[in-house]
Amino acid sequence: MRYAGEERFRLSLNKYIKGEGCILFGYNITVRESFENLNSWLTEIKKISKNLCMILVETNCDLEDERKVTFDKGKDLK
C-alpha cells in the first residue's frame, strides 16, 4: 500500500504544489506517527509557498475509542 505522506513523494513536492492555492492534509487519529510526520511536511511546504491555504483533516474518526491524537492536538498544529 502507498501513502501520499511517504518520503519518496517529497522529491516531487515542488512540482505538485507550485502555483496551487490550497493543500489538504490528512492524518489517521489512531496512528500517532501519521500526525507527527505533518511537522516535517509543513516545514517543506512553507519553504516552497508562504501563502498557501492549508486544511487539516482527521481520518478514521469512527474509531474514536482507538484515538491516539487528540482533537486539540490537531487544532493546535501550526
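What does the C-alpha gyration tensor say about the overall shape of the stretch 7-75? Classify as rounded when a/c is under 1.5, otherwise prolate if a/b is larger than b/c, or oblate.
Cα axes put the stretch 7-75 in the prolate bin.
Return, ordered by residue number, the residues of the stretch 26-42 whose backbone nitrogen is under 16 Å from a label point located 7 Å along Cα→Cβ of N60.
Counting only backbone N, you get 26-38.
Taking 0.36 nm per residue of sequence separation and subtracting the Cα-Cα distance, how much length would be gained by fully extending the chain between T70 and N51, in nm to one decimal?
Additional length available on full extension: 4.1 nm.
Quick check on my link table: of K15/K47; K15/K73; K47/K68; K15/K78, which ones sit more than 25 Å apart, alpha carbon to alpha carbon?
Table pairs above 25 Å Cα-Cα are K15/K73; K47/K68.
No lab work stands behind these numbers, since they all come straight from the coordinates. On a predicted model such as this, the values are computed, not experimentally measured, just so you know. Glycine gets a Cβ as well: all are built from the backbone with ideal geometry, and neighbour counts include every protein chain shown.
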